[in-house]
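Student: Have a look at this one before I ask anything.
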Amino acid sequence: MPSIAVDPLSFLVGFAFASTVWWLLARIRPLWAEIRTNAKESREEAKTRKTSSVEENHRRITLRRAQGMHLAAQLFALDEIIQEPRLLIPPQRVEPGTATKFEDIISQTLPYLPSWPEIAAVYQAPTLTLPEALAGNTNIVVIGQPGVGKTVALAHLASLAANRSEKLAGLQDVVPFLVHVANLKLPVSDAKDVLNPLIEAASEHAPMFDVGRLPAFFQNTFKSGNALLLVDGYDEIPPEHQLIISDYFKLLIQTHPKTHIVTTGAPEHLGGLITLGFAPLTLVTWSVKQAEKFIERWGQIWSQTIAMEAWAQTGAEQVDPLLLNVWLSADNANLSPLELTLKAWGAYAGDSLGPHVLEAIATHIRRLAPANTPLAALETLAMQVILSTQPVFDPRKAREWVKSFEVAEESVKPEGETTETSDDNTIEEGKPKKGKRVEKVVPTPSFGLLGKMVSSGLLVSYPNNKMRFTHPVFAGYLAGHALTNYNAEEPLLNQPDWSGKYLAMRYFAAHGDATKLVQTLMEFSRLPMHRPLFAAARWLRDAPKNAPWRGKLFGTLAAIMQTEGVPLSLRGQAMAAFVVSNDPNAAPLFRQFETTLSFDLVHLAVLGTGAIRDGKAVKIMEGATSAPSLAVRRAACMALVAIGTTEALEAVAHTLLNGDEDLRRAAGEALANDPSDGHAMLKDGITMSDILLRRAVVYGLGRVNEPWAIEALQKIQIDDDQWVVRNSATEVLEYRTNISSNAPRKLKAPSESAWLIEFAGKQGMGISPGAPATDVLLLALKSENPDTRLAALPYLKFTPNEGVVAQLYGAMYKDDPELREAAYNVLWELGASGTKLPHPSQYGFG
């Protein structure tokens, strides 16, 4: 093979050149990477600058809208009048191997009543703010009766997020997206279009120059997990429409799993939210202290703003706000925030039709109705909305419903043309005129009535031909009043369960004879929930005292209260129904129950006595502080403070000084509910030499939400000469500091739950990723370890087959009070989700 000659000089030059090139490339590579990174960052910064203005505009618009989302928006901004919404802390989830969380005596003594938060309000049960509830990083459904303030709660949260409030802590930079279900054009057929309904809803309010940039802004925000979606109105719609919304939530969670969602719900009708992992949190009604604070604030702002306007100066002489506030505070038992707002408005405006809450609602409807509008037109529209189960209705259909009431354009009557005369009830210039003889020409309607209702604020209009009443209570009130003139019981009863149906029946019962409705609901009612019965019990407060159905309904509620072996959470609802009814017969009934030998019944009766503030029962309550049952002794301390008379508070003070350790703590915590004498006793107790007394006072101070109480606890934590008192101060301060740890959290998947994996291993079983592990969980429910039994329950609500329901009933009827209550709570969530729960007798229980 011939040899190849290599020029040494050429070789050296080539080698040197190649080495130089490779050396340069090695040096340039990091620089090139840096250039690419800088270019990417520049693009991101440009993108951010482009969207930042969109975001700031969106925040500003959201804030403006949120500040107007309340009943008195035409008078005040929301932040001027709001009482901060509070959510009832749910029972804590148990997990084997973890320390038990601190729990105060109030929480240990009150049954969990998410459908009747009035009892929690009386006894000031521990609560969370909305930002604290969000700290659990789970989606939330805020539940409560109509008028309790769910819309205001969402508007408040939207305002905090729009302002980047520090109260949101780790979620301070989230972007709020506030919509009503009527805003959403659903369903969505393709997952890639999941944000389109939200973008379209935002486009209605966005500046023209931002509309084209909204899609990119939404995509970036949801993709980054920085979106807080607030959806109002889920509680107002029937089940078939709820299914559409919950399917949308499911798709959104699948495509953007980091999204934070908060929506509204009725305690009895949650649709598919529970199976999606939403945590139901009850919005607590106002306590007496909050109601008085609201009335005082209303009077201040009214005097500073509304009373200064020209029309107010030229009208009738203004009544002294102090007198008005005394009158308002004297008779507001068990009123919802909506009802108290309307009552205060009527008192200060001087236009109220009467002192009853029904008259306060009627007054506000009169304010909102267009001038010269027949009341029958409003009632007909509302009645058709309820009967057609269309709370969000098509105005084109609605025009047909009210076309006979349309006001025609004025015209001159031609000579010889006949006229019709009739007795008409109209609303003219905001005031009802009855029996007015009206002469009218038969005209061609102009179809402007719905538009006038929108302009006056009675209706809200949306794109895509959608309208709704501004509040479901107004629709329910008008419909209920109208239905008393028809035989409409059957159509109502045959509807699926939804809030509008029950609102209409409630106001039907207030204005007519609801005997047939109540009788049918009582026949439908059964264990384990008795939902129809408790729905009818809500009607007692406003129904005529001589209504023929009241006695039978009260008798059934009393029977449930006395039923042994069922959860206190069920029996407690019957007690709450007596309290909320404002019926004078509740007091002697509770006193009678307090003489029985059933500790559970006495426990509930004592709580009921305190809730209605029965001053005649003070001696009985004093005796109950010596009862053999710890729960009864605790409840008696709480009830005495709720009654609040001098005699009652002196009895609690005696208990604080002389009771055993547990009873002293109960007395101390109960006194925290009395802001005057109770707080004064706690301040005095700090200085006492008695160790047990000071320790009890520490637990009481832990429930006082005032700066002076925190300062006192911090001083005790350092200066007290007894370690047991210092430790108690440390315990309650840590609880207050970490209150958000009580927020509900997402369940770990069964395959990721350490305690469940360990339990399965001991049974010789495994858990596959993505599997529900129902068999393992049912075995855990039968475990001898009480913590294991309790830990299994929350998982079982996601697989509510017949076998699971049977085992849940078994847990509910076991002689284990804690397991019984926890099982009932799971069954309540299943029932609210639409799961058909058979009577326990089907499985040999009850």
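The values are calculated or read from the model by the stated rules, or taken from the named source; none is laboratory data. All figures in this text were calculated on a predicted structure; none of them were measured in a lab. Please note: Cβ atoms are built from the backbone with ideal geometry, for glycine as well, and neighbour counts cover all protein chains shown. Just so you know, the surface numbers come from the protein's heavy atoms only, side chains and all, with ligands and any DNA or RNA stripped out. Shrake-Rupley method; radii C 1.70, N 1.55, O 1.52, S 1.80 Å.
Student: Kindly indicate whether any position in region 379-386 is touching a residue at least 24 places away in the same chain (Cβ under 8 Å), in contact with a Gly (Cβ under 6 Å, 6 or more places away or on another chain), within 26 Å of P496 (Cα to Cα) and open to solvent by less than 20 Å² (accessible area, probe 1.4 Å). Lay out the reasoning, then the answer.
Tutor: Initially, region 379-386 is screened for residues touching a residue at least 24 places away in the same chain (Cβ under 8 Å), giving 379-383, 385-386.
Subsequent filtering for residues that are in contact with a Gly (Cβ under 6 Å, 6 or more places away or on another chain) retains 386.
After this cut, where a residue has to be within 26 Å of P496 (Cα to Cα) as well, the list is 386.
With open to solvent by less than 20 Å² (accessible area, probe 1.4 Å) added as a condition, the list becomes 386.
Checked region 379-386: at least one residue is touching a residue at least 24 places away in the same chain (Cβ under 8 Å), in contact with a Gly (Cβ under 6 Å, 6 or more places away or on another chain), within 26 Å of P496 (Cα to Cα) and open to solvent by less than 20 Å² (accessible area, probe 1.4 Å).
Student: Residues that are over 27 Å from the mean Cα position of the chain (by Cα) and among the charged types (D, E, K, R): find the helices (runs of 4 or more DSSP H) completely inside region 197-309 holding 1 or more of those.
Tutor: Result: 214-223.
Student: Which residue is farthest from the chain's Cα centre (by Cα), if the candidates are limited to region 316-356 and must be open to solvent by less than 20 Å² (accessible area, probe 1.4 Å) and among the aromatic types (F, W, Y)?
Tutor: The extreme case among them is Y348.
Student: Can you run down the residue pairs with Cβ atoms below 7 Å, 6 or more apart or on separate chains, where the first is in region 46-74 and within 25 Å of L458 (Cβ to Cβ) and β-branched (V, I, T) and the partner is surrounded by 13 or more Cβ atoms within 10 Å (Cβ to Cβ) and modelled with pLDDT under 95?
Tutor: I61/H205; I61/A206
Student: Let me ask something else about it. So which residues in region 491-539 are without any contact (Cβ under 8 Å) to a residue 60 or more places away in the chain, under 29 Å from Y824 (Cα atoms) and not in a helix (DSSP H, G or I), if there are any at all?
Tutor: Answer for region 491-539, where residues must be without any contact (Cβ under 8 Å) to a residue 60 or more places away in the chain, under 29 Å from Y824 (Cα atoms) and not in a helix (DSSP H, G or I): N494, S525, H530, W539.
Student: With the structure loaded, tell me whether I253 is touching a Leu at 6+ places or on another chain (Cβ under 6 Å), open to solvent by 10 Å² or more (accessible area, probe 1.4 Å) and of a type in the set (V, I, T) or whether it fails that test. Break it down into steps so the answer makes sense when it comes.
Tutor: Values: touching a Leu at 6+ places or on another chain (Cβ under 6 Å): no; open to solvent by 10 Å² or more (accessible area, probe 1.4 Å): yes; of a type in the set (V, I, T): yes.
So I253 does not fit the description; no.
Student: Please specify each residue of region 447-467 satisfying the condition of being open to solvent by 30 Å² or more (accessible area, probe 1.4 Å) and within 14 Å of V402 (Cβ to Cβ).
Tutor: Those that are open to solvent by 30 Å² or more (accessible area, probe 1.4 Å) and within 14 Å of V402 (Cβ to Cβ): F447, G451, K452, V454.
Student: Which of the helices (runs of 4 or more DSSP H) contained wholly in region 589-656 include at least 1 residues that are under 20 Å from A577 (Cα atoms) and within 34 Å of the chain's Cα centre (by Cα)?
Tutor: Numbers: elements: 599-611, 618-624, 630-643.
Correct list: 599-611, 630-643.
Student: Right, next: Can you tell me which residue in region 136-166 is nearest to P280 (Cα to Cα), limited to those that are among the polar types (S, T, N, Q), at pLDDT 95 or above and in a loop (DSSP other than H, G, I, E, B)?
Tutor: N139
Student: Restrict the check to region 564-577 and report whether at least one residue is free of Cβ contacts under 8 Å to residues at least 12 places away in the same chain and either farther than 26 Å from L540 by Cβ or open to solvent by less than 20 Å² (accessible area, probe 1.4 Å) (or both).
Tutor: So far as region 564-577 goes, no, none of its residues is free of Cβ contacts under 8 Å to residues at least 12 places away in the same chain and either farther than 26 Å from L540 by Cβ or open to solvent by less than 20 Å² (accessible area, probe 1.4 Å) (or both).
Student: Could you pull out the residue among L328, L340, L323 that is at pLDDT 90 or above and either touching a helix residue (DSSP H, G or I) at 6+ places or on another chain (Cβ under 8 Å) or assigned to a helix (DSSP H, G or I) (or both)?
Tutor: Working: L328 fails: at pLDDT 90 or above; L323 fails: at pLDDT 90 or above.
That would be L340, the only listed residue that is at pLDDT 90 or above and either touching a helix residue (DSSP H, G or I) at 6+ places or on another chain (Cβ under 8 Å) or assigned to a helix (DSSP H, G or I) (or both).
Student: Could I ask something else about it? Can you tell me how many residues within region 520-533 are open to solvent by 10 Å² or more (accessible area, probe 1.4 Å) and in contact with a helix residue (DSSP H, G or I) (Cβ under 8 Å, 6 or more places away or on another chain)?
Tutor: Initially, region 520-533 is screened for residues open to solvent by 10 Å² or more (accessible area, probe 1.4 Å), giving 520, 522-527, 529-532.
Checking the rest, the ones that are also in contact with a helix residue (DSSP H, G or I) (Cβ under 8 Å, 6 or more places away or on another chain) come to 520, 522, 524-525, 527, 529-532.
Within region 520-533, residues that are open to solvent by 10 Å² or more (accessible area, probe 1.4 Å) and in contact with a helix residue (DSSP H, G or I) (Cβ under 8 Å, 6 or more places away or on another chain) number 9.
Student: Still on this structure, please answer the following. Going residue by residue through region 759-780, is there one that turns out to be in contact with a helix residue (DSSP H, G or I) (Cβ under 8 Å, 6 or more places away or on another chain), open to solvent by 40 Å² or more (accessible area, probe 1.4 Å), of a type in the set (A, V, I, L, M) and part of a loop (DSSP other than H, G, I, E, B)?
Tutor: Yes, region 759-780 contains at least one residue that is in contact with a helix residue (DSSP H, G or I) (Cβ under 8 Å, 6 or more places away or on another chain), open to solvent by 40 Å² or more (accessible area, probe 1.4 Å), of a type in the set (A, V, I, L, M) and part of a loop (DSSP other than H, G, I, E, B).
Let's see how each residue does on (1) touching a helix residue (DSSP H, G or I) at 6+ places or on another chain (Cβ under 7 Å); (2) among the basic types (K, R); (3) within 11 Å of P567 (Cβ to Cβ):
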| position | (1), (2), (3) |
| --- | --- |
| L793 | yes, no, no |
| T799 | yes, no, no |
| E802 | no, no, no |
| A806 | yes, no, no |
| A822 | yes, no, yes |
| L827 | yes, no, yes |
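Student: Could you look through region 810-824, keep only residues that are within 19 Å of I274 (Cα to Cα) and not hydrophobic (A, V, I, L, M, F, W, C), and pick out the one that is surrounded by the most Cβ atoms within 10 Å (Cβ to Cβ)?
Tutor: Kept after step one, since they are within 19 Å of I274 (Cα to Cα), are these residues of region 810-824: 821-824.
Subsequent filtering for residues that are not hydrophobic (A, V, I, L, M, F, W, C) retains 821, 824.
Values: E821: 19, Y824: 23.
Filtering region 810-824 for residues that are within 19 Å of I274 (Cα to Cα) and not hydrophobic (A, V, I, L, M, F, W, C), the one surrounded by the most Cβ atoms within 10 Å (Cβ to Cβ) comes out as Y824.
Student: Please determine whether any residue of region 165-186 is of a type in the set (K, R), within 17 Å of R60 (Cβ to Cβ) and surrounded by fewer than 24 Cβ atoms within 10 Å (Cβ to Cβ). Can you show your working first?
Tutor: Applying the first criterion (of a type in the set (K, R)) to region 165-186 yields 167, 185.
Next, only the ones that are within 17 Å of R60 (Cβ to Cβ) stay: none.
No, region 165-186 contains no residue that is of a type in the set (K, R), within 17 Å of R60 (Cβ to Cβ) and surrounded by fewer than 24 Cβ atoms within 10 Å (Cβ to Cβ).
Student: Could you look through region 82-103, keep only residues that are in contact with a Lys or Arg (Cβ under 9 Å, 6 or more places away or on another chain) and open to solvent by less than 30 Å² (accessible area, probe 1.4 Å), and pick out the one that is farthest from F294 (Cα to Cα)?
Tutor: This residue is P85.
Student: Something else now. Would you pick out the residues in region 631-670 that are closer than 13 Å to L110 by Cα and of a type in the set (A, V, I, L, M, F, W, C)?
Tutor: A631, V632, A635, A636, C637, M638, A639, A666, A670
Student: For R591, indicate whether it is open to solvent by 10 Å² or more (accessible area, probe 1.4 Å) and in contact (Cβ under 8 Å) with a residue 40 or more places away in the chain.
Tutor: no
Student: Mind checking which pairs have a first residue in region 158-174 that is farther than 20 Å from N220 by Cβ and a second that is open to solvent by 60 Å² or more (accessible area, probe 1.4 Å), Cβ under 6 Å, 6 or more apart or different chains?
Tutor: That search, which allows pairs on different chains as well, returns L160/K167.
Student: Report, by residue number, each residue of region 90-112 that is of a type in the set (V, I, T) and either within 24 Å of the chain's Cα centre (by Cα) or modelled with pLDDT of 90 or more (or both).
Tutor: Correct list: V94, I105, I106, T109.
Student: Do we have any residue at all in region 785-795 that's assigned to a loop (DSSP other than H, G, I, E, B) and farther than 22 Å from E829 by Cβ?
Tutor: To start, the set of residues in region 785-795 that are assigned to a loop (DSSP other than H, G, I, E, B) comprises 785.
Restricting the remaining residues to those that are farther than 22 Å from E829 by Cβ gives 785.
Yes, region 785-795 contains at least one residue that is assigned to a loop (DSSP other than H, G, I, E, B) and farther than 22 Å from E829 by Cβ.
Student: Cβ contacts < 7 Å: first residue touching a residue at least 12 places away in the same chain (Cβ under 8 Å) and in a loop (DSSP other than H, G, I, E, B), restricted to region 812-838; second residue open to solvent by less than 50 Å² (accessible area, probe 1.4 Å) and among the aliphatic types (A, V, I, L, M), any location; separation 6+ or different chain. Result?
Tutor: S833/L270; S833/I274; L837/M529; L837/V805; L837/L827; L837/L830
Student: Go through region 99-135 and count every residue that is in a loop (DSSP other than H, G, I, E, B) and either touching a residue at least 60 places away in the same chain (Cβ under 8 Å) or within 20 Å of S336 (Cα to Cα) (or both).
Tutor: 17
Student: For region 59-81, which positions are surrounded by fewer than 20 Cβ atoms within 10 Å (Cβ to Cβ) and of a type in the set (S, T, N, Q)?
Tutor: Selection gives Q74 alone.
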